[in-house]
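One structure is given below, encoded as structure tokens.
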Amino acid sequence: MKVAVLADTHAPRRWRSCPAPVAGRLRGLILHAGDVCIPAVLDELAAFAPVRVVRGNNDGPDVAAWGAPDTLELDAGGLRLAMVHDAGPAVGRAARMRRRFPDAGLVIFGHSHIPLDESAGGLRIFNPGSPTDRRRQPRGTIGLLEISAGHLVSAEIVGVT
């Protein structure tokens with residue numbers, strides 16, 4: 001199973017439409033870790049593949065009404081994963097996410113705009129960064145996952161700007 005992971009698109013200020021380097025990688029399942037800002041982004045993404053999303057601190061009731069809860073736990077290709085927008089401070093993050101989502105093998109989050117792929121204590125935590133609001137990062141990024149038979153086969157952070 002192919003999964004594209006996005007976060008912090010911040011439309012319409014930063015995302016006017018899906019950038020071509022992002023669109024070319026959208027297949028399988030799309031996970032958005034919040035700060036979509038307007039539901040039109042989710043409609044646009046859904047034209048490429050099914051979308052699951054969590055609500056970020058900049059998302060209002062309209063994004064929630066589209067189907068964005070504060071947290072999400074799901075099975076993707078047999079892998080139990082969780083998603084939340086803000087995973088809190090870097091110090092102790094993996095342990096905190098393990099306590100919050102004890103059944104997850106992978107936790108996806110956003111908020112910081114800082115790409116991260118880290119494993120600790122039997123848990124993988126993954127932040128795709130932002131494709132459109134890179135802040136202090138050298139480029140905009142998204143995440144690409146491959147899941148097979150309940151295992152995360154690969155996780156990659158890909159530059160898109």
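For Ala64, all conditions in the list (1) more than 13 Å from the chain's Cα centre (by Cα); (2) crowded, with 19+ Cβ neighbours inside 10 Å hold save one; what is the number of the exception?
Unmet condition: (2).
Could you grab the pairs with beta carbons closer than 6 Å, sequence gap of 6+ or different chains, first residue in region 21-35 and within 9 Å of Phe48 (Cβ to Cβ) and free of Cβ contacts under 8 Å to residues at least 40 places away in the same chain, second one surrounded by fewer than 22 Cβ atoms within 10 Å (Cβ to Cβ) and not polar (S, T, N, Q)?
As it stands, the answer is Leu26/Phe48; Leu26/Ala49; Arg27/Lys2; Arg27/Ala49; Ile30/Ala49, since those pairs meet every condition given.
Scan region 122-130 and tell me whether some residue there is touching an Asp or Glu at 6+ places or on another chain (Cβ under 9 Å), open to solvent by 40 Å² or more (accessible area, probe 1.4 Å) and among the aliphatic types (A, V, I, L, M). Write out each step before concluding.
From region 122-130, those touching an Asp or Glu at 6+ places or on another chain (Cβ under 9 Å) are 124-130; that's our starting set.
Next cut, open to solvent by 40 Å² or more (accessible area, probe 1.4 Å) only: 124.
Within this subset, residues satisfying the condition of being among the aliphatic types (A, V, I, L, M) are none.
No - not one qualifying residue is present in region 122-130.
Please specify each residue of region 1-17 satisfying the condition of being of a type outside the set (Phe, Trp, Tyr) and assigned to a loop (DSSP other than H, G, I, E, B).
Met1, Ala7, Asp8, Thr9, His10, Ala11, Pro12, Arg13, Arg14, Arg16, Ser17
Is it the case, given these coordinates, that Phe109 is farther than 20 Å from Ser148 by Cα, open to solvent by less than 10 Å² (accessible area, probe 1.4 Å), at pLDDT 95 or above and of a type outside the set (Lys, Arg)?
yes
The values are calculated or read from the model by the stated rules, or taken from the named source; none is laboratory data. Note that the structure is a prediction, hence the values are computed from the model and not measured. A quick note on method: Cβ atoms are made from the backbone with ideal geometry, for glycine too, and the neighbour counts reach across all protein chains shown. Heads up: the accessible areas ignore ligands, DNA and RNA and are worked out on the full protein's heavy atoms, side chains in. Shrake-Rupley method; radii C 1.70, N 1.55, O 1.52, S 1.80 Å.
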